[in-house]
Each structure stands twice: as structure tokens, then as C-alpha cells.
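Everything on this sheet refers to the single structure shown next.
Readers should treat all values here as calculations from the given coordinates under stated rules, not as data from a laboratory. Given the structure is predicted, the values throughout are model-derived calculations rather than measurements. In this analysis, Cβ positions are derived from the backbone assuming ideal geometry, glycine residues included, and neighbour counts consider all displayed protein chains.
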Amino acid sequence: MGAQQVAERFTELYGARPQGVWAAPGRVNLIGEHTDYNDGFVMPFALPQQAVAAVSRRDDGLLRLHSADMAGGVVELRLDALAPGGDPAWTAYPAGVVWALREAGHPVTGADIHLSSTVPTGAGLSSSAALEVVIALALRDLYGLDLARWQLARLCQRAENVYVGAPTGIMDQTAAACCEPGHALFLDTRDLSQRQIPFDLAAEGLRLLVVDTQVEHAHSGGEYGKRRAGCEKGAALLGVDALRDIARADLDAALARLGEEEEVRRLVRHVVTEDERVERTVTLLRAGTPRAIGPILTEGHASLRDDFRISCPELDLVVDTALARGALGARMTGGGFGGSAVVLTEATGVPSLTESLETAFAAAGFKTPRVFEAVPSTGARRLV
Ligand code: ADP
Ligand code: MG
């Protein structure tokens with residue numbers, strides 16, 4: 001959706017032109033899954049798909065919200081009535097951002113907002129963070145708030161955790177706020193330090209396909225909570241603050257100490273090996289050998305499927321089919337139980353891979369997957 005179109009719709013809705021138009025992208029996590037709430041490493045990059053928001057400030061304590069992608073008209077909320085947990089609708093995301101900014105002492109006095117997004121929802125591509133970050137950036141600029149991008153991400157995470165009530169890590173919001181084109185973002189979720197790692201697929205004759213299985217990860221909340229609690233239990237049993245503190249070299253000894261706790265052992269093994277996979281991926285990309293990350297992605301999938309147990313038949317079918325057809329590597333990405341997988345392939349392999357995936361899904365009686373090429377793109381920015 002172009003900036004101009006969003007601005008025009010805003011003008012129709014609110015009777016005046018917006019003061020600006022901003023965008024924030026969805027993301028794909030290249031590697032580093034379920035490490036973010038263990039103080040570990042993640043490596044997302046921004047998608048070209050993005051949320052675009054036209055915004056003006058108001059000074060009368062009102063927040064007016066409209067989404068081109070949702071049924072219903074303009075929703076009007078009073079800022080002094082915003083409270084966590086009370087809104088089950090999509091409006092909780094932007095309202096949560098306003099709430100979090102005000103809670104942190106920033107003098108936001110209202111806004112008119114119209115938005116439209118090309119990030120598919122519920123596909124594990126983080127449409128929610130795109131939505132939060134685009135609003136946060138717009139309000140930062142309109143109110144002249146002194147907030148760095150990583151701080152915006154923090155506030156958006158708080159909006160999602162506390163106001164919406166979804167227990168997510170910091171990766172999605174940081175990716176939407178901080179990614180740069182042609183790069184993946186190596187993020188240490190403990191101290192939020194970050195490095196841009198070259199990931200220019202086109203220059204190498206490579207492509208990264210995102211395969212949206214169209215399986216909604218609707219019931220993943222409870223499973224996510226269980227995995228998270230299991231990881232915390234593992235850290236407690238091993239006497240560390242977070243599983244991040246178990247070095248790869250000490251993993252076998254740590255696993256042996258977990259005794260009868262078979263389920264915790266599997267979770268710990270995934271998290272510790274996954275952190276190491278991120279570090280190996282960074283090393284290979286910085287060395288200019290992106291093809292070599294293929295097997296690491298595939299190892300990551302096996303770990304999520306067998307140890308963390310959050311894959312599903314559709315995601316496994318993507319990975320198995322892609323590898324059988326010569327892909328360099330493939331893995332599920334995102335929270336699991338549906339959503340999307342990523343496939344690293346030579347550029348020349350794209351047509352046959354896409355066809356094979358569609359054929360395999362049809363043969364299994366699954367919905368046709370949506371396949372698109374993910375080009376590492378820009379993080380949030382002002383458009384107009
Ligand atoms: P995702 O993996 O896409 O982030 P979530 O469940 O975390 O999935 O967030 C999806 C929710 O975000 C939607 O149900 C809706 O409430 C909100 N959302 C995302 N995109 C839009 C949009 N364009 N307009 C309104 N709400 C949106
Ligand atoms: Mg989300």
C-alpha cells in the first residue's frame with residue numbers, strides 16, 4: 001500500500017491531511033528460534049512487506065484508530081481510560097503503544113491514525129510488531145520524543161506483553177525498528193547490542209523463499225508458555241540466570257545434571273545448540289560464504305522438530321520437499337505450530353522448488369502454500 005493512498009484515505013476519514021506517513025516492516029527470523037526469552041541470540045531481517053500509517057497528533061486526549069484491513073469504522077478511545085488487558089481487538093496494539101509511551105512519561109496527548117499493512121497476519125512474519133513500531137515511530141516524530149530505535153522497540157514489547165497480554169520476546173519489535181537493507185540483524189537479547197551482518201542474497205545468486213503454510217498458529221499461546229516455563233526451569237535447575245549462560249562446550253555435562261527431567265533436557269539442548277548455530281551463521285556470513293549456512297538452517301529445523309517439538313506436518317513437508325529438490329537448507333521460522341518456513345536456494349532453483357512445494361502440499365491434502373522471495377529490506381522509517 002503506497003504512502004499516498006494511505007494519506008488520501010486518512011483525509012477522507014478525518015477531514016484533514018495527515019501530518020506524516022510512516023512505515024515499519026514484517027520480519028523473518030533467519031536463525032535463532034526460542035532463544036530470545038533465554039537471553040540468547042537471534043538474527044532476523046526485515047521483509048519488503050510493511051505496515052504503513054498516516055498519523056496526526058491531537059491535543060484533546062482522544063485516540064482515533066482505523067485499519068484498512070479490518071472491518072468496522074473509526075474506533076475512538078480516551079487516553080485516560082486506556083488500561084491493560086481490556087481490549088481483545090486489533091486496536092489494543094496501537095492503543096498499547098500509546099499507553100506504554102505515556103506510562104514511560106512521554107507527553108502524548110492524542111492521535112488520529114489510519115493504517116494499512118501488507119504483512120500477512122498470523123503467518124509468523126510479525127504483523128503485530130510492524131503495527132506497533134510504525135505507530136511508535138510516528139508518535140516519536142510528531143511529539144519530538146527523545147527515543148532511540150532500540151528504546152522504541154522496548155516500549156512496543158511492553159505494549160504487547162502488558163497491554164495486549166501476549167508474552168513475546170524483544171526480537172520482532174527490534175527487527176521492525178532497526179533492520180537495514182541487505183543485512184540481517186545479529187541481536188543479543190541480553191544486552192540488546194546489535195550488529196548488521198551482510199546478507200545480500202541477490203549479489204550471490206541466492207534466494208530465500210518464505211513458505212507460508214497458511215496454518216494459523218492460533219493455539220500456540222499455551223504451548224509457547226509451556227516451552228518458556230520449561231526453559232526457565234532448566235536454567236533454575238542448572239543454577240544460571242538464563243540458558244544463554246550454558247556454553248556449548250559445557251552442554252553435555254549440563255544435560256547429564258538434569259537427571260530425570262527429560263523434557264527440560266530437550267528444551268535446554270535446543271536453546272544452547274541454537275545459540276551456537278546463530279554464532280556459526282554470523283561467522284559464515286561475515287566470511288562471505290552464505291551458501292555454507294544452508295546445513296545450519298536444516299540442523300535448526302531438526303532441533304525445533306525433535307527437541308523443542310513445535311513443528312507440524314506442513315512445516316516438515318516444506319523442509320523435506322525443499323531438501324529433496326536440492327535446496328541448500330530449510331527450516332521453520334517463528335513461534336511454530338504453523339506459520340512459515342524459510343528455504344535457502346540457488347536463484348535458478350526457485351521455479352522448480354515452488355512447483356514441487358505446491359505439488360507436495362496438494363498430494364498431502366494441505367492448503368496451497370504461499371511462496372514468496374524474501375529480500376532483506378529496510379526497518380521502520382518516515383515516508384512523507
Ligand atoms: P503475527 O505473527 O502476524 O504478529 P500476531 O497474532 O502476533 O501474529 O498479531 C496479529 C494481530 O495483529 C492481528 O490479529 C491484529 O490484531 C493485529 N494486526 C496485524 N496487522 C493488522 C492490520 N493491518 N490492521 C489491524 N490489525 C492488525
Ligand atoms: Mg506477533
Exercise for review: Over region 225-309, calculate the relative contact order: mean separation of alpha carbon pairs under 8 Å at least 6 apart, over the residue count, as a percent.
Suggested key: 28 percent
Practice item. Tabulate in residue order the Karplus-calculated ³J(HN,Hα) for region 107-123, using 6.51 cos²θ - 1.76 cosθ + 1.60 with θ = phi - 60°, rounded to whole Hz; enter x for Gly and Pro. Key: x, 8, 10, x, 6, 9, 9, 10, 9, 8, 10, 9, 7, x, 8, x, 9
Review point. Taking Cα atoms, how many degrees apart are the long axis of helix 313-324 and the longest axis of the chain, rounded to 10 and kept between 0 and 90?
Key: 60 degrees
Exercise for review: Might you report the magnitude of the Cβ-based charge dipole of the chain about its Cα centre, with Lys and Arg at +1 and Asp and Glu at -1, to the nearest 20 debye?
Suggested key: 520 debye
Point to revise | Percent antiparallel among DSSP beta bridges (both partners in region 199-373, rounded to 5) | key: 100 percent
Point to revise | Charge tally in the Cβ shell below 13 Å around Gly329, where Lys, Arg are +1 and Asp, Glu are -1, Gly329 excluded | key: +3
Study note, to complete from the structure: Scoring the chain by relative contact order with C-alpha pairs under 8 Å, at least six apart, yields a percentage of 24 percent
Revision key, fill the gap. Of the residues Leu185, Leu77, Phe361, the Cα lying farthest along the dipole of the chain towards its positive end, which is defined by charges on the beta carbon of Lys, Arg, Asp and Glu, belongs to Leu77
Study note, to complete from the structure: So the angle from the long Cα axis of helix 262-286 to the longest Cα principal axis of the chain, reported in degrees to the nearest 10, equals 80 degrees
**Study point:** Within the chain, percent of DSSP bridges classed antiparallel, to nearest 5
**Key:** 90 percent
Point to revise | GluC sites (Glu not before Pro) restricted to region 258-328 and DSSP loop, no more than 12 other C-beta within 10 Å | key: Glu260
Review point. Short version: ³J(HN,Hα) in whole Hz for each residue of region 43-48, in order, from phi by Karplus 6.51 cos²θ - 1.76 cosθ + 1.60 (θ = phi - 60°), x for Gly and Pro, what are they?
Key: 8, x, 9, 7, 8, x
Review point. What percent do you get for the relative contact order of region 96-156 when only Cα pairs under 8 Å and 6+ apart count?
Key: 40 percent
**Study point:** Charge-dipole axis of the chain as Lys and Arg at +1 and Asp and Glu at -1 on Cβ define it, positive-most pick from Ala54, Leu323, Trp150
**Key:** Ala54
Exercise for review: Only Lys, Arg, Asp and Glu count, each charged at its Cβ (+1, +1, -1, -1), so figure out the dipole size of region 222-267 about its Cα centre, rounded to 20 debye.
Suggested key: 160 debye
Review point. If one takes the longest principal axis of the Cα atoms in the chain, at what angle in degrees, from 0 to 90 and to the nearest 10, does the Cα axis of helix 149-158 lie?
Key: 90 degrees
